[in-house]
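S.K.: A single structure is presented below for examination.
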Amino acid sequence: MDNDACLGCQTGDKWRRKRGSLIMALHEIQGVKGYVGWQDAMDLAKTMNIPLARVYEVLTFYNFFKLVAPGKAVISVCTGTACFLKGNDKVLERFKSELGIKEGESTPDGLFHLQVVRCVGCCGLAPVCVVNGRTYGRMTPEQVPVILNEWREAFKEEA
Amino acid sequence: MVDMDELNKRFDIHNIANNKLAEIEKYKCHIYCCHSTGCKSSGSDDLIALIKQILEENSLSEEARVVATGCMGLCAQGPLIRVEINGKKDVLFKRLDANTTKTIMEKYVLPALKSEGEMVVADELKPYVLSLDLPFFTKQEKVVLKNAGSIDPEDIAEYMAHGGYLALEKALKTMTPQQVVEEIKKSGLRGRGGGGFSTGMKWELAAKVPTVDEKFIICNGDEGDPGAYMDRSILEGDPHAVIEGMMIAAYAIGATAGWFYVRAEYPLAVERLQKAIQACKRNRLLGNNIMGTNFSFNVDIRLGAGAFVCGEETALIHSIEGARGTPRPRPPYPTNKGLWEKPSCVNNVETLANISKILLKGADWFASFGTETSKGTKVFALTGQVEHSGLIEVPMGTTINEIVNEIGGGVPEGKKLKAVQSGGPSGGVIPAQHMNMPVCYEELKKIGSIMGSGGLIVIDDSSDMVALAKFYLDFTVDESCGKCAPCRIGGKQMLMLLDKINRGRGKKKDLELLKKIADAMKKASLCGLGQTAPNPVLSTLRFYEDEYTNKLLDGKVKE
């Protein structure tokens, strides 16, 4: 494969001389693509001279890494203690019913991915959810459709 | 040839600090804008741009400066902006948007700058003023958080202007490594990550192991406790303090390199830390022969990837090595065999942030805060059902009552305080009747909780304690790495029993079984995660057993 187009090879090349770099390399791939695919993992393993099993051992242990492409907008609902006490479960339920998916799934149109995360560290703003890096504080279930529409509009404009 | 004097002057920290101080003094007005994760997500970026634009339009950029700072503490009231004009008492504004910010500039800042007279806060702005005389601010004692909220964390010169890297200079030029260890030991500083082991003792152990080829100092920034964000705020608000602490630690124990392990969920903290490290390298504070001494040191960052267990030091070490984050039995302790089998010393972010202050002001000064056995101050993330939710720092030994009712402003909406939870999923509850308990390592342990990293979650009387215990256990079961059976199987079984009780299908004997499994987990688990996972259940059972029995088929408590 052409090295220029191979994300796994490039990343592997950059990190292979540094110690303790497998997780950093995986972060970098996910940062570009949004997930670490089978081909990326193979390329990375080959370039870094690590058995593929080791790469997958690490990939599947840490729940930050995704193995399949998520939706365009990744919705992370915080399930930390402060958010739990302030009723983020109702916000999560609303997301699920509005999108018709469960946590860890993407919508069939590929627009949204719903996931729950451990504390994002914005407990003062609880309950919190994060969509593609943008934080929404003091959430209510009523805000859920508003936020979803905001993103749908944004994607329409892009297209 | 480069003039050596010229070069030395350029990298001299006193010189940089003085230049910066002179520059700051030129300004009549300082506008501090909180630029931490909390306020950023409430829109502080746009406000900073707006203020700069207004200053420019009025050609006041020479008279007023905008400082994007770290966390000011009251995240729930963000975005926060503090304005200081002509050296008068500063005014803090809360919950700002573009319109109110404009009004502040037009009705408060600009007139004051032009007239140099009295500054009056217009009536329409009064609802946005947050009094700095609130107990939330006055009852705090800021040591670690001193700079957060008043300096630009991305400007190394500003850190130096506030005494930064003076402690490192003192250590490198006037103290031996042994003297540094002794000073930290004398201060009584204990690990702020939760365990509470004496930092000086740990350094002494690490220093004793001979450096054959390499020795490491590791900063544990894997703050996984839900409801806690002290380390994030310190890294975001004052990253140089942590780096300086690490460098002093490295000098004391003879480390050759340092590693920061930070959660990937904290992108802003990672970014600020990266910038700070680069600034250090540019200013020759990292690399070879630092400050012209024989001390050479370098650091690197490794990211976590969403595994709570990596807060445990041996799991963290495996994770830096690029492997699964599973713990291993100790001994050998990391101080003997750690990262890549080399001697390593693991310290928490807040612990390291304390070091430079202790060296500069002395161990006795530090020990003047706190109780007999818990010295210094502690940063807490006060969250949950409390009026002023935010980041606070108080001397050890402050009572729960002072923290929740005075600093925190009590429980809102007319509800009553039921308990405070500390230590996250490894901790327990402190019921309302124990509100006068001083917060320190020993007292918290006595009541069945732990200090933990510093999350304090306020629970009001509408909360169901069984559901809370289940919430925490759910977390630890999910985060268990699965290596040892007591944690992997015990946790799951406890969770199933709790679920049964919560659904109203439990019996009395289930409570007995819960306690039995909890006991086995505490005794037999490999690492801290499994050993402490039963704590939330045991602690709520101890103080709120009737809430459990009320849910049992055969155990309803008489009305």
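A short reminder: the numbers here are calculations on the coordinates, not readings from a lab. From a predicted model like this one, the values you see are computed outputs, not experimental measurements. Positions of Cβ are backbone-derived with ideal geometry, glycine not excepted, and every protein chain shown enters the neighbour counts.
S.K.: Please report B:Ile457, B:Ile104 as a ranked list, fewest other C-beta atoms within 10 angstrom at the top and most at the bottom.
M.R.: B:Ile104, B:Ile457
S.K.: Which far-off residues, 5 or more places away or on another chain, put their amide H under 5 Å from the one on B:Val67, with H placed in the peptide plane?
M.R.: So B:Val67 has HN proximity to B:Ile31, B:Tyr32, B:Cys33.
S.K.: Long-range amide H contacts for B:Ser344: which residues qualify at under 5 Å (H placed 1.01 Å from N, peptide plane, sequence gap of 5 or more or a different chain)?
M.R.: It is B:Phe216, B:Thr335, B:Asn336, B:Lys337, B:Gly338, B:Leu339, by chain and number.
S.K.: While we're on this one: Around A:Val120, which amide H atoms from residues at least 5 apart in sequence, or from another chain, sit under 5 Å from its own amide H, with H modelled in the peptide plane?
M.R.: A:Gly80
S.K.: Mind checking the dipole of chain A: about its Cα centre, +1 per Lys or Arg Cβ, -1 per Asp or Glu Cβ, Debye to the nearest 20?
M.R.: That gives a dipole near 620 debye.
S.K.: Please identify the DSSP H helices in chain B that span no less than 24 Å along the helix axis (Cα) and have a mean Kyte-Doolittle hydropathy of -0.5 or more.
M.R.: Span-like helices, by this rule, are B:485-502.
S.K.: Around B:Pro79, what is the net charge, scoring Lys/Arg as +1 and Asp/Glu as -1 over all other residues with Cβ under 12 Å from its Cβ?
M.R.: +1
S.K.: Something else now. Could you work out [θ]222 nm for chain B from helices alone, using -39500 (n - 2.57) per DSSP H run of at least four and dividing by all its residues? Round to the nearest 500 deg cm²/dmol.
M.R.: Helix-only estimate at 222 nm: -12000 deg cm²/dmol.
S.K.: Hey, how many Å between the Cα centroid of the stretch B:165-183 and the Cα centroid of the stretch B:1-50?
M.R.: 26
S.K.: What's the exposure ranking of B:Thr532, B:Thr37, going from fewest to most Cβ atoms within 10 Å?
M.R.: B:Thr532, B:Thr37
S.K.: Turning to a different aspect of this structure: What's the magnitude of the charge dipole for the protein assembly as shown around its Cα centre, counting Lys and Arg as +1 and Asp and Glu as -1 at the beta-carbon? Answer in Debye, nearest 20.
M.R.: About 2260 debye.
S.K.: Now for a separate question. Would chain B count as rounded, prolate or oblate if I go by the C-alpha gyration tensor, calling it rounded below 1.5 in a/c and otherwise prolate when a/b exceeds b/c, oblate otherwise?
M.R.: oblate
S.K.: Counting other C-beta atoms within 10 Å, which of B:Ser539, A:Ser21 has the fewest, and how do the rest follow?
M.R.: Result, fewest neighbours first: A:Ser21, B:Ser539.
S.K.: Rg/Rh for the protein assembly as shown: what does it come to with C-alpha atoms and Rh from Kirkwood?
M.R.: So for the protein assembly as shown, dividing Rg by the Kirkwood Rh gives 0.96.
S.K.: A:Lys46: net charge of surrounding residues, Cβ under 14 Å, Lys/Arg +1, Asp/Glu -1, itself excluded?
M.R.: Combined, the nearby Lys, Arg, Asp and Glu give -1.
S.K.: I need the shape label for the stretch B:156-367. Rule: rounded when a/c is under 1.5, else prolate if a/b > b/c, else oblate, with a, b, c from the alpha carbon gyration tensor.
M.R.: Judged from the Cα gyration tensor, the stretch B:156-367 comes out rounded (a/c under 1.5).
S.K.: When the C-alpha atoms of the stretch B:25-132 are aligned to their principal axes, what extent does each axis show, in angstrom, from largest down?
M.R.: On the principal axes, the stretch B:25-132 reaches 34, 26, 25 Å in Cα extent.
S.K.: Sticking with this structure for a sec: Show log10 I(q)/I(0) for the stretch B:465-549 at q = 0.23 Å⁻¹, two decimals, from a solvent-free Debye sum over equal Cα scatterers.
M.R.: -1.06
S.K.: Beyond 21 Å between alpha-carbons counts as too far, so tell me which of B:Lys492/B:Lys522; B:Lys9/B:Lys170; B:Lys146/B:Lys281; A:Lys33/A:Lys90 fall in that bin.
M.R.: Violating the 21 Å Cα-Cα cut-off are B:Lys146/B:Lys281; A:Lys33/A:Lys90.
S.K.: A follow-up question, please. I'd like to know how chain A sits against the 2.2 N^0.38 Å rule of thumb: what's its Cα Rg over that expected value?
M.R.: Normalised Rg, Cα atoms only: 1.19.
S.K.: On to the next question. Let me check I've understood the local charge: for A:Met139, count other residues with C-beta under 11 angstrom from its C-beta, Lys and Arg +1, Asp and Glu -1. What total comes out?
M.R.: +3
S.K.: Let me ask something else about it. With charges set only on the Cβ (+1 for Lys and Arg, -1 for Asp and Glu), what does the dipole of the stretch B:320-427 come to about its Cα centre, in debye to the nearest 20?
M.R.: It works out to roughly 460 debye.
S.K.: If you average the C-alpha positions of the stretch A:129-159 and of the stretch B:371-436 separately, how far apart do those two centres end up, in angstrom?
M.R.: 34
S.K.: Given the options B:Ala269, B:Met396, B:Ala112, identify the residue whose Cα lies farthest towards the positive end of the charge dipole of chain B (+1 on Cβ of Lys, Arg; -1 on Cβ of Asp, Glu).
M.R.: Sorting the options by dipole projection puts first B:Met396.
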